[in-house]
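What follows is a single structure, written as structure tokens, with notes after it.
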Amino acid sequence: MTTNLLSQLTENNPAPFTWLNGSRYTCLPGGGIRITAHPKSDFFRDPAGTMVADSAAYLHLAVTGDFVAQARVGHPFRTQWDAAALMARIDPTHWAKICYEGTDFGTHAIVSVVTNGVSDDANGVNTHWPVVWLQLVRKGKTFGLQYGPDGMQWNMVRFFTLDAPATLQVGMVAQCPIGPGSEMDFLHFGVENVTVREARNGL
């Protein structure tokens, strides 16, 4: 399990993190934070070409080289597609995220989106856990997305490649694509510069 970097934060100073589409957060007991999701905010480039969104609150770090990023997340699932997510971003048209999301099928699911010009969106397993662990790993040009119940056991969601530079953004997304806004709890967030044996399973 990675070290929880959120324990470094204070209410009025997000350093060492940086905002994209700046929002606000409150500090939670135990070292977590609650990020406010803007109304009608998302990161998505519709494959049908009908919508492009690059507006969700994103609190991130610059990370160089191979890494493992982990987050423990939960939220109230107020409206469809609300999500707390872990994202790696190169630029507006190249990024990937793993989400704990309220789906358009009425479920709470692990959802992944890989964007390489346009977004490739995939619903994964449905869960009923109040909180879930998300993991994103990089090994060279390959990336893996995993989820699990405890930060120790991981289940594969997606294995893919992005033509990423050495340094990219890695961080926490609070999105609310069609609703009036919400709050996303990040109870843990950590990044470590390690090289996993297999990006596919994150181990």
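Assorted remarks:
- Rounded to the nearest 20 debye, the dipole magnitude of region 117-203 is 360 debye, with +1 charges on Lys and Arg beta carbons, -1 on Asp and Glu beta carbons, and the Cα centre as origin.
- Options A57, P47, L168, ranked by Cα towards positive dipole end of the chain, top entry (Cβ charges): L168
- Placing +1 on the Cβ of every Lys and Arg and -1 on the Cβ of every Asp and Glu, with no other charges, gives region 19-192 a dipole of roughly 220 debye about its Cα centre.
- Each of Q80, I98, Q135 was scored by the projection of its Cα onto the charge dipole of the chain, and the greatest displacement toward the positive side belongs to Q135; charges sit on the C-beta of Lys, Arg, Asp and Glu.
Read the figures in this text as sums done on the coordinates, not as results from a lab. This structure is a prediction, so every number in the text was calculated from the model and none was measured. All Cβ positions, glycine included, derive from the backbone under ideal geometry; neighbour counts span all protein chains shown.
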